[in-house]
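The values are calculated or read from the model by the stated rules, or taken from the named source; none is laboratory data. Because the structure is a prediction, the values reported are computed rather than measured. Positions of Cβ are generated from backbone atoms using ideal geometry, with glycine treated the same way; all protein chains shown enter the neighbour counts. To get the accessible areas, we keep the full protein, side chains included, count just its heavy atoms, and leave off ligands, DNA and RNA. Shrake-Rupley method; radii C 1.70, N 1.55, O 1.52, S 1.80 Å.
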Amino acid sequence: MSAGPDLGVELGPLRLRNPVLAASGTFGYGLEFLPFLDLGELGGFVTKGLSPRPRRGNPPPRIVETPAGMLNTIGLQNVGVDAFLADKLPCLAAYRTAVIANVFGETVDEYVEVCRKLDGAPGLAGIELNVSCPNVDAGGQVFGTDPIALGRVVAACRRATSLPLVVKLSPNVTDITVTARAAADAGADVLSLVNTFVGMAIDVERRRPVLTRVSGGLSGPAIRPLAVWLTWQVRQAVSLPLIGIGGIVEAADAIEFLLAGASAVQVGTANFVHPDAALAVRRGIEDYLRRHGLASVRALIGALETGARA
Ligand SMILES: Cc1cc2nc3c(=O)[nH]c(=O)nc-3n(C[C@H](O)[C@H](O)[C@H](O)COP(=O)(O)O)c2cc1C
């Protein structure tokens, strides 16, 4: 029997056995999904965002379903970096999968504190910076929407760790190529895109916002065409490897991002519908490669044809 297609991808210093990861905030700390799939069959997963100290998050209602997606305002609930290192990461060592820690803070110093603690932790494949957080030193403006603040936080984290550094871009900007370049210039190894789009839902009977914090982050299939377009734009602007995220449910969705220039993808909201969604995406990519007679998934990366139609 011939070996299957080669699914391995390299994103700068980050090597993945296959290009499908589960996205931050939709996959807990990985351990919660052990009853549903073999973590070793994924390229990897990204943890829930970690902060210097544990956070309880926002009170409910903090999730609402929307047409083809959902809005959330979880408020970055997490166990804190120390508990992650003591109680979660050691249990993940048994699985051959890339564990990427998602990091956030309210100040540059908080980001740095978490990166320093994670640096050199056994079994950690990389760090992903969630820069879609309010910067308390700048009146609450989100780090990732201001290229100067973004450059500062990325440069500081770059100095704090030698782990592969992924910077996760916010889509809530006028021109994403500006923030993509700022992150690249400040030392990111990889860019992931995108985080959720800000939106709101209104309960018309009560004439009140549905979510306690009024707005929330929109995710799911509704955002996929927006995310693919942003990936394509960033591909033209920077040379760093990219990870595509947004509304991926099945293999064809992931392949859109690969063709647009991403080297890997993350599956988020779909995990709430099918906890093994990321695995199904990986298997579907293998089927696609076989059907198209391709020996390696790398043949798909950036292979979009935009010339005149035949
Ligand atoms: C409930 C929920 C929690 C999330 N928490 C985080 C987080 O802690 N850090 C982060 O960078 N992104 C977080 N995200 C964003 C996702 O990782 C992903 O970028 C986004 O949902 C778009 O992908 P999707 O459409 O496949 O869900 C969260 C998303 C959801 C739905």
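Among (1) open to solvent by 20 Å² or more (accessible area, probe 1.4 Å); (2) aliphatic (A, V, I, L, M); (3) within 14 Å of the ligand (Cβ to nearest atom); (4) under 21 Å from Phe104 (Cα atoms), which single condition is Leu191 missing?
(1)
State all residues of region 207-228 that are more than 14 Å from the ligand (Cβ to nearest atom) and over 18 Å from Ser132 (Cβ atoms); if no residue qualifies, say none.
The answer is Arg207, Arg208, Pro209, Val210, Thr212.
Say we look at region 30-47 and pick out the residues that are within 16 Å of the ligand (Cβ to nearest atom) and within 14 Å of Val281 (Cα to Cα); which of these is surrounded by the fewest Cβ atoms within 10 Å (Cβ to Cβ)?
Applying the filter and picking the extreme gives Gly44.
Give all pairs with beta carbons closer than 6 Å in which a residue from region 64-91 that is over 14 Å from Gly25 (Cβ atoms) meets a residue that is within 14 Å of the ligand (Cβ to nearest atom) and open to solvent by 50 Å² or more (accessible area, probe 1.4 Å); count only pairs at least 6 apart in sequence or on separate chains.
These pairs meet every condition: Ala68/Pro221; Gly80/Pro54.
Exactly one condition in (1) hydrophobic (A, V, I, L, M, F, W, C); (2) open to solvent by 10 Å² or more (accessible area, probe 1.4 Å); (3) within 14 Å of the ligand (Cβ to nearest atom) is not met by Leu240; state its number.
It is condition (3) that Leu240 fails.
Against the definition (assigned to a helix (DSSP H, G or I), of a type outside the set (Lys, Arg), modelled with pLDDT of 95 or more and under 18 Å from the mean Cα position of the chain (by Cα)), how does Ala184 come out, yes or no?
The answer is yes for Ala184.
Check whether at least one residue in region 19-29 is open to solvent by 10 Å² or more (accessible area, probe 1.4 Å) and more than 15 Å from the ligand (Cβ to nearest atom), and report yes or no.
No, the conditions are met nowhere in region 19-29.
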